[in-house]
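Q: Sharing a structure below in structure tokens format, with a few things to ask.
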Amino acid sequence: MTLATDLDGVYNVNTVSDYDGPLQKKSDGQTEMRDGKTSRVDDAGCEWNSTFTYTDDARTEVLMTSVADPINADTDFLLTRPDGTPTAETVTYEAKLRVMRKGDKVQMTGTLNYGDETVILTMRKMS
């Protein structure tokens, strides 16, 4: 697999989730991709480090591997493990994102399923 360095730029990150729990999710925001990688801190103080690698020769799909580290996050912040249980420890998430292009516009969209939670992730390139 090849790092998606041609996707470098600034992205808006938006999530839609069927989560119906007591803690507010604060993962939306902006991130900058450099050399096929991103690093950002969300509004809850959780650090996200992600890599994006192409899974196909047509470059229409990437595997996003995100390591979420809540060490400096809000005291009531928890992540969801793949089995659906909450944790204050580092979690690695993976999702395949469909890459769509129109001119210089790029959008990546995919779904993450963890436990009973489904998250639809959309990243839109701003510049």
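The values are calculated or read from the model by the stated rules, or taken from the named source; none is laboratory data. Small disclaimer: the values here were computed from a predicted structure and weren't measured. Please note: Cβ atoms are built from the backbone with ideal geometry, for glycine as well, and neighbour counts cover all protein chains shown.
Q: Tell me yes or no: at least one residue of region 76-87 is in a loop (DSSP other than H, G, I, E, B), without any contact (Cβ under 8 Å) to a residue 60 or more places away in the chain and of a type in the set (Val, Ile, Thr).
A: Yes - at least one qualifying residue is present in region 76-87.
Q: I would also like to ask the following. Taking the residues in region 97-124 that are surrounded by 15 or more Cβ atoms within 10 Å (Cβ to Cβ) and over 21 Å from Gln30 (Cβ atoms) as candidates, determine which candidate is modelled with the highest pLDDT.
A: In this case the residue turns out to be Glu117.
Q: Same structure again: Identify, by number, the condition in (1) exposed (fewer than 13 other Cβ atoms within 10 Å of the Cβ); (2) within 17 Å of the chain's Cα centre (by Cα); (3) at pLDDT below 95; (4) not hydroxyl-bearing (Ser, Thr, Tyr) that Arg81 doesn't meet.
A: (1)
Q: May I pose another question? Being in a loop (DSSP other than H, G, I, E, B) and at positive phi is the filter; apply it to region 25-44 and report the residue that is surrounded by the most Cβ atoms within 10 Å (Cβ to Cβ).
A: Looking at the filtered set, the residue picked out is Gly36.
Q: Any residue at all in region 48-58 that's of a type in the set (A, V, I, L, M, F, W, C), free of Cβ contacts under 8 Å to residues at least 12 places away in the same chain and over 20 Å from Gln30 (Cβ atoms)?
A: There is at least one residue in region 48-58 that is of a type in the set (A, V, I, L, M, F, W, C), free of Cβ contacts under 8 Å to residues at least 12 places away in the same chain and over 20 Å from Gln30 (Cβ atoms).
Q: Go through region 1-39 and give me each residue that's at pLDDT 90 or above and among the small types (Gly, Ala, Ser).
A: Ala4, Gly9, Gly36, Ser39 - these are the residues of region 1-39 that are at pLDDT 90 or above and among the small types (Gly, Ala, Ser).
Q: Looking at region 88-120, which of its residues are closer than 17 Å to Tyr54 by Cα and touching a residue at least 60 places away in the same chain (Cβ under 8 Å)?
A: Val99, Val106, Met108 - these are the residues of region 88-120 that are closer than 17 Å to Tyr54 by Cα and touching a residue at least 60 places away in the same chain (Cβ under 8 Å).
Q: Does region 88-127 hold any residues that are assigned to a strand (DSSP E or B) and charged (D, E, K, R), and which are they?
A: Within region 88-127, Glu94, Lys96, Arg98, Arg101, Lys102, Lys105, Glu117, Arg124, Lys125 meet the criteria.
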